[in-house]
Amino acid sequence: FDVDQLVGVLAPAGTPSAIVQLLATKLRDAVRDPNGITRLRRAGFDPVGTTPEEFRAVIARELPKWREVISRAGIRLDL
């Protein structure tokens, strides 16, 4: 069983594309900054900095796996 920890920033559905792209650019710049890389690695992360489209694809790829894990394990949300 393969598990990767993903950390990303999501915006509400309907957020204007220009805002999404601006946020993505700023976040990617921060993740690629040498100081940012050092701080993230010290915290145990392997900084990547993808595009919104790439992150969307990662989420789409991961969802079926986690749906199956939740279903097989009988995990229930208890609010």
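The values are calculated or read from the model by the stated rules, or taken from the named source; none is laboratory data. Here the structure is a predicted model, which is why all the values come from computation and not from measurement. Backbone-built Cβ (ideal geometry, glycine too); neighbour counts: all protein chains shown. SASA here: full protein model, heavy atoms, side chains in, ligands and nucleic acids out. Shrake-Rupley method; radii C 1.70, N 1.55, O 1.52, S 1.80 Å.
Can you tell me which residues in segment 1-16 are open to solvent by 80 Å² or more (accessible area, probe 1.4 Å) and either of a type in the set (Val, Ile, Thr) or part of a helix (DSSP H, G or I) (or both)? Hits for segment 1-16 are Val3, Val7, Val9. Can you name every residue in segment 22-33 that is more than 23 Å from Glu62 (Cβ to Cβ) and either surrounded by 12 or more Cβ atoms within 10 Å (Cβ to Cβ) or not basic (Lys, Arg) (or both)? Once the filter is applied, which keeps residues that are more than 23 Å from Glu62 (Cβ to Cβ) and either surrounded by 12 or more Cβ atoms within 10 Å (Cβ to Cβ) or not basic (Lys, Arg) (or both), segment 22-33 yields Leu22, Thr25, Asp29, Ala30, Arg32, Asp33.
Quick one: in segment 34-60, of everything that is open to solvent by less than 70 Å² (accessible area, probe 1.4 Å) and not in a helix (DSSP H, G or I), which residue is modelled with the lowest pLDDT?
Looking only at segment 34-60, we keep the residues that are open to solvent by less than 70 Å² (accessible area, probe 1.4 Å), and these are 36-38, 40, 43-44, 47, 49-52, 55, 57-60.
Checking the rest, the ones that are also not in a helix (DSSP H, G or I) come to 43-44, 47, 49-51.
Details: Ala43: 92, Gly44: 89, Pro47: 87, Gly49: 81, Thr50: 86, Thr51: 90.
Among those residues, the one meeting the criterion is Gly49.
Out of segment 61-71, which residues are open to solvent by 90 Å² or more (accessible area, probe 1.4 Å) and within 16 Å of the chain's Cα centre (by Cα)? Answer for segment 61-71, where residues must be open to solvent by 90 Å² or more (accessible area, probe 1.4 Å) and within 16 Å of the chain's Cα centre (by Cα): just Arg61.
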